Amino acid sequence: MLKIAVCAKQVPDTDIPPSQFKVDEDGLQVVPPAGVPPIVNGFDMNAVEAALRLRDAGVECEIVIFSVGNAFALDVMKKPLAIGADRLVLVDDEESDSLDALGTARVLAAAIEQDGGADLVLAGRQASDWDQAHVPIMLSELMSVPLVTLVRNLTMSEDGDSFEVERVAEGGCQRIECPMPAVMTVTNELGEARYANLRGIMAATRKRPETRTIADLGIGDVANDGRLAMTRLFVPVSESTVEFIEGEDEADAGRLLALRLREAKLI
Amino acid sequence: MSSGVLIVGEVIDGGLHPTVRQLVNAAGQIDRDASLCLAVDDAFDVGALENVGVGNVILLEHPDAADDGVDGVYSLLSELVCEAVAQLEPSSVMLAKTDAGSVVSARVAARFGAGLAADCIDLAVNPSTGRVAVTRPVHGGNALAVYEFPGDGLQVVSVRPGAFEAEVADGIPEVERVDVSGVSVSGAVPVLVETVSEAGEGIPLEQADVVVSGGRGLGGPEPFENLRELCGLLNAALGASRAACDAGWIDHSHQVGLTGKSISPTTYITVGISGASQHMAGCSSARNIVAIDKDREANIFSHARYGVVGDWAKVLPAFTAAVAELD
Ligand SMILES: Cc1cc2nc3c(=O)[nH]c(=O)nc-3n(C[C@H](O)[C@H](O)[C@H](O)COP(=O)(O)OP(=O)(O)OC[C@H]3O[C@@H](n4cnc5c(N)ncnc54)[C@H](O)[C@@H]3O)c2cc1C
Ligand SMILES: Nc1ncnc2c1ncn2[C@@H]1O[C@H](COP(=O)(O)O)[C@@H](O)[C@H]1O
């Protein structure tokens, strides 16, 4: 049976309007608006979907979600379980806030290894909090396995010992045959994750996450080792002021807009 | 050169990728004597290095260098750059945050245990600490973060394409050739079966002087026909928000934004796009944003120079008709 590890990160909800986005400049932290729960990083749900589609296509597999973080919202992190993932491994540790991408990759590599390894590691193309797109690449480097980024379609080869992958590339796509084991990052072009049904939600409620700390992984101190330190975090202000074009009605406003743009030599 | 910045440039069609000169300018903010290295094969034209703006260029010569991407995932390029870093021992490595640059920067950082700051839009030396300080957009562009590299280890910086102007400087650099033909990728590698070009319709987004984009507010695929008509009149490229692409109304190759294309037209016209920070990340260098949206409070209006508040179905046809009458 194929073992698929999916790396999924808890991040602040990205659907809040920019005007509600606040930071604590002294604490170098983002302050989510009150009452807005976090989400599973969107691309990571695309990665879960990619794993489920392999199963739909007849690939027998165990799908295990790995997440490094703290202050987990369990009902949020259980979403992948509710749509069909089998297990949830949480590395739940205060230290995780101080991890840079390399530190996070080391922790994930160790957690996956301790769980018996994986034939395929799927991750999102990037995490929507710090927008780095580094962790999975580093993970492939640490695990010494091939990497394919920006996957939009994933199937198993006929003989079942490699993957057939379509990745988004400049001006089109690339078809790649990828040996196993491998690390892949999934992009939204693959398609949205399916909705959970009631049965799935009930099943997920009963499942308990398997939690560990970084110390449990036996890799020593991985906190960022002074490689990179944030010194400032702030919300930039836009200095643009808009000139609203108004007319007798909306159509008239459209007509006047064209004239105004021509006058300003913009069209 | 055991200190200083090593710029890793990309080669395209035997010449320099447009980001190379941007990197030279960016590197100049922290080191006036940066070197540039390029992985090249025989077909590389050294003439392309004229006026590149650095004094010293290192050509990493490998017969397959130009073919990287052969496995689709830049494995060889990563190995060549790791080899260069091992031999040259720079204090910082600087790349462009392109598809290739993302992979190479993360691989180099993992290999050397280096600090890595991605997608930077500003670089400086902190006068009080003497350390390199970089600024990068985070949380989809909702915030900016400044990072420093506190340790003495290798620093890897990737720079957002388009964030810096291209350097233009007189002179011909000294060129040093390093034979790296012995470097290969070890272990299992993916195999590129085929590259399929999916040429988008119309004028390429990155080159257009005017871009017209549609968003979720259009409500379906049909209104994009209206935008196509407008594009035809304005000689404009057609763009879209991710919401419109994800809905299947238009191909993803038209997506503008953080995970789509970065554009810098003179005039950017949006219709039914709210202006989420991830969208704005791809058009922040547009010089004039013009927005049509029915919500006066939409974020797009805090970036726009001109706006019309209204239903696109009423505003757009009149706008298009008036444009058609302009001469
Ligand atoms: C990691 C990450 C990366 C992302 N990358 C990108 C990216 O590259 N590009 C991108 O675009 N998005 C990206 N997004 C998504 C982004 O956050 C927004 O969800 C998206 O841009 C919203 O698209 P929209 O403006 O079309 O839709 P909405 O935000 O829903 O806005 C629709 C607008 O249409 C208006 N409207 C509705 N009806 C009408 C009407 N009849 N007439 C006129 N106006 C009307 C509404 O007032 C509203 O302002 C990303 C998100 C994440 C998390
Ligand atoms: N703390 C984490 N826990 C689990 N997965 C993560 C974590 N951080 C990053 N990842 C994975 O790596 C991808 C890219 O993240 P990043 O490199 O931070 O942009 C994410 O989409 C996740 O799949």
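The values are calculated or read from the model by the stated rules, or taken from the named source; none is laboratory data. None of these values were measured; they are calculated from a predicted model. So basically every Cβ, Gly included, is an ideal-geometry build from the backbone, and we count neighbours across all protein chains shown. Surface accessibility is based on the protein's heavy atoms, side chains included, excluding ligands, DNA and RNA. Shrake-Rupley method; radii C 1.70, N 1.55, O 1.52, S 1.80 Å.
Given a 1.4 Å probe and heavy atoms of the protein chains only, how would you sort B:Arg216, B:Arg111, largest accessible area at the top?
Largest to smallest exposure gives the sequence B:Arg216, B:Arg111.
Excluding ligands, DNA and RNA, what is the accessible area buried between chains A and B, summed over both sides, using a 1.4 Å probe, to the nearest 100 Å²?
That pair hides around 6700 Å² of surface in total.
Report, in deg cm²/dmol and to the nearest 500, the calculated mean residue ellipticity at 222 nm for the protein assembly as shown, where each DSSP H run with n ≥ 4 adds -39500 (n - 2.57) and the sum is divided by the residue count.
-7000 deg cm²/dmol
What's the longest bit of chain B with no exposed GluC sites (Glu not before Pro), using DSSP loop states and at most 13 other Cβ atoms within 10 Å as the test?
Between exposed loop sites, the widest span is B:51-164.
In degrees between 0 and 90, to the nearest 10, how far off the longest principal axis of chain B does helix B:19-28 point, with axes built from Cα atoms?
70
Given springs between every Cα pair under 10 Å in a Gaussian network model of chain A, which of A:Val237, A:Val89, A:Val68 has the largest fluctuation?
A:Val237
Label B:Asp64 and A:Glu158 with points 7 Å out from Cα along Cα→Cβ: what is the distance between them in nm?
Placing both labels 7 Å beyond Cα along the Cβ direction yields 2.6 nm.
Would you mind giving the three semi-axes, in whole Å and largest first, of the ellipsoid equivalent to chain A according to its Cα gyration tensor?
After diagonalising the Cα gyration tensor, the semi-axes are 37, 25, 20 Å.
Separation of the stretch A:120-136 and the stretch A:47-85 by C-alpha centroid, Å?
The two parts, judged by their Cα centres, are 15 Å apart.
Provide the gained length on full extension for the span A:Met1 to A:Gln114, in nm with one decimal, where the gain is 0.36 nm per separating residue minus the Cα-Cα distance.
38.9 nm
What share of the DSSP beta bridges in the stretch B:1-132 is antiparallel, in percent to the nearest 5?
20
Quick one: angle between helix A:250-263 and the longest Cα principal axis of chain A, in degrees between 0 and 90, rounded to 10, please.
Result, in degrees: 80.
Could you state how much accessible area A:Thr205 has, in square angstrom rounded to the nearest 10, with a 1.4 Å probe and all protein chains kept in place?
Solvent-accessible area, nearest 10 Å²: 90 Å².
Give the Rg (one decimal place) followed by the Dmax (whole number) of the stretch B:20-157, computed from C-alpha coordinates and expressed in Å.
For the stretch B:20-157, the Cα radius of gyration and maximum Cα-Cα distance read 15.3, 46 Å.
At 1.4 Å probe radius, can you tell me the per residue accessible area of the protein assembly as shown in Å²?
I get 42 Å² per residue for this part.
Among the DSSP beta bridges whose two residues both lie in chain A, what percent are antiparallel, rounded to the nearest 5?
Counting only bridges with both partners in chain A, antiparallel ones make up about 40 percent.
Output the antiparallel fraction of DSSP beta bridges having both residues in the protein assembly as shown, as a percent to the nearest 5.
Here the share of antiparallel DSSP bridges comes out near 35 percent.
Around A:Val165, what is the net charge, scoring Lys/Arg as +1 and Asp/Glu as -1 over all other residues with Cβ under 10 Å from its Cβ?
With Lys, Arg at +1 and Asp, Glu at -1, the net is 0.
Rank B:Asp45, A:Asp86 by accessible area, highest first, at a 1.4 Å probe radius?
B:Asp45, A:Asp86
Once R0 is set to 45 Å, what does the formula 1/(1 + (r/R0)^6) return for the Cβ-Cβ distance between A:Glu263 and A:Thr211, expressed as a FRET efficiency to the nearest 0.05?
Efficiency, rounded to the nearest 0.05: 0.10.
Order A:Asp24, B:Asp71 by their accessible area, 1.4 angstrom probe, all chains in place, largest first.
A:Asp24, B:Asp71
Considering only A:Ala101, A:Ala57, A:Ala118, give the residue with the highest GNM mean-square fluctuation for chain A, with springs between Cα atoms whenever their separation is below 10 Å.
A:Ala57
Report A:Ile219's accessible area, 1.4 Å probe, all protein chains in place, as a number in Å² to the nearest 10.
Rounded to the nearest 10, the figure is 60 Å².
At what distance in nm do the modelled label points of A:Asp56 and A:Glu239 sit from each other, each positioned 7 Å from its Cα along Cα→Cβ?
Taking the simple label geometry, A:Asp56 and A:Glu239 are separated by 5.0 nm.
How many Å³ per residue does the convex hull of the Cα positions in the stretch B:114-241 occupy?
279
Give me the count of lysine pairs in the protein assembly as shown whose alpha carbons sit under 17 angstrom apart, restricted to pairs 8 or more positions apart or on different chains.
Pairs that pass both the separation and distance tests number 6.
Taking chain B as the reference, fit the longest principal axis to its C-alpha atoms, fit the long axis of helix B:312-325 to the helix C-alpha atoms, and give the angle between the two in degrees, 0 to 90, nearest 10.
The angle comes out near 80 degrees.
Could you compute how fast the stretch B:106-159 diffuses translationally, taking Rh as the Kirkwood radius over C-alpha pairs and applying Stokes-Einstein at 25 °C with viscosity 0.890 mPa s? Give it in µm² per second.
Answer, rounded: 210 µm²/s.
Quick one: net charge around B:Ala304, please, counting Lys, Arg +1 and Asp, Glu -1 for every other residue with C-beta under 15 Å from its C-beta.
Every neighbour counted, the sum reads -1.
Which GluC sites (Glu not before Pro) in the stretch A:179-267 pass both tests, a DSSP loop state and at most 15 other beta-carbon atoms within 10 Å?
Those satisfying the criteria are A:Glu192, A:Glu239, A:Glu246, A:Glu248.
So for the pair A:Leu198, A:Ser98, with labels modelled 7 Å out along Cα→Cβ, what separation do we get in nm?
About 4.8 nm, to one decimal.
For B:Ser264 and B:Glu325, FRET efficiency with R0 = 22 Å and r from the beta-carbon atoms, rounded to 0.05?
0.15
Enter the mean number of other protein chain beta carbons within 10 Å of the beta carbon of each residue in A:138-148, as an integer.
Across A:138-148, the average partner-chain Cβ count within 10 Å equals 5.
Based on the alpha-carbon gyration tensor of the stretch B:232-327 and its eigenvalue square roots a ≥ b ≥ c, which shape applies: rounded if a/c is under 1.5, prolate if not and a/b is larger than b/c, or oblate?
Rounded, since a/c falls under 1.5.
Using a 1.4 Å probe on the protein heavy atoms only, what accessible surface does A:Leu257 show? Give it in Å² to the nearest 10.
That residue has around 0 Å² of solvent-accessible surface.
Using the Kirkwood formula over every pair of different C-alpha atoms, what hydrodynamic radius in Å results for the protein assembly as shown?
In the protein assembly as shown this quantity evaluates to 25.1 Å.
Let me check against my output: what whole-number percent is the relative contact order of the stretch B:1-69, with C-alpha pairs under 8 Å and at least 6 apart?
34
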